[in-house]
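Comments concern the structure below.
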Amino acid sequence: MAVKVFASLAAVGLLAIAGSAGAHHSVAGQFDMAKRTTITGTISKIDWINPHVYIHLDVPDEQGNVTTWRLESLPTAMLRKAGLTSAMLKGDGGKVTVDGLLARDGTESLAWLLKITYEDGHFYQLGGE
């Protein structure tokens, strides 16, 4: 089952990244494919809405100040088709590590979600590696 979910998400993610600029918007049009980031924090909220799911990640800095990142992801229908739910993405409330693509326009604390890894080691690959 896990292999099926991974394969489905990887395929969908690659299609999303390769989307044409003429679509309602392409990932490459809004997020810089060359500017990857890895952040660790706690999921504070999930907006399970169309046209894209957003995960809000509270990320503390060294002084304890928290910045909330908005992580854009695939549409709800694609995630559901791959067998994912908002509860599965939320996890148990522990820390997660996220790989993403930074916003092309420089918007701070905004990224396209590629992969989310939970403390127990399980992960969801939502875009190209």
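None of the figures in this text is laboratory data; all of them are computed from the coordinates on show. On a predicted model such as this, the values are computed, not experimentally measured, just so you know. Every residue, glycine among them, receives a Cβ derived from its backbone with ideal geometry; neighbour counts consider all protein chains shown.
Full-extension gain between THR37 and ASN65, please, as 0.36 nm times their residue separation minus the C-alpha to C-alpha distance. Kindly include the intermediate steps, with their values, before the conclusion.
Details: separation 28, 0.36 × 28 = 10.08 nm, distance 1.90 nm.
Answer, rounded to one decimal: 8.2 nm.
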Q: Using θ = phi - 60° and the Karplus relation 6.51 cos²θ - 1.76 cosθ + 1.60, list the HN-Hα couplings for the stretch 93-108 in order, rounded to whole Hz, with x at every Gly or Pro.
A: x, x, 6, 10, 10, 10, 9, x, 10, 6, 4, 5, 7, x, 3, 6
Q: Place a label point 7 angstrom from the Cα of GLN30 along the Cα-to-Cβ direction, then list the residues of the stretch 50-64 whose backbone nitrogen is under 15 Å away.
A: 50-56
Q | Under Karplus coefficients 6.51, -1.76 and 1.60, residue-wise ³J(HN,Hα) of the stretch 76-83 in Hz, glycine/proline x | A | 4, 4, 5, 5, 4, 4, 7, x
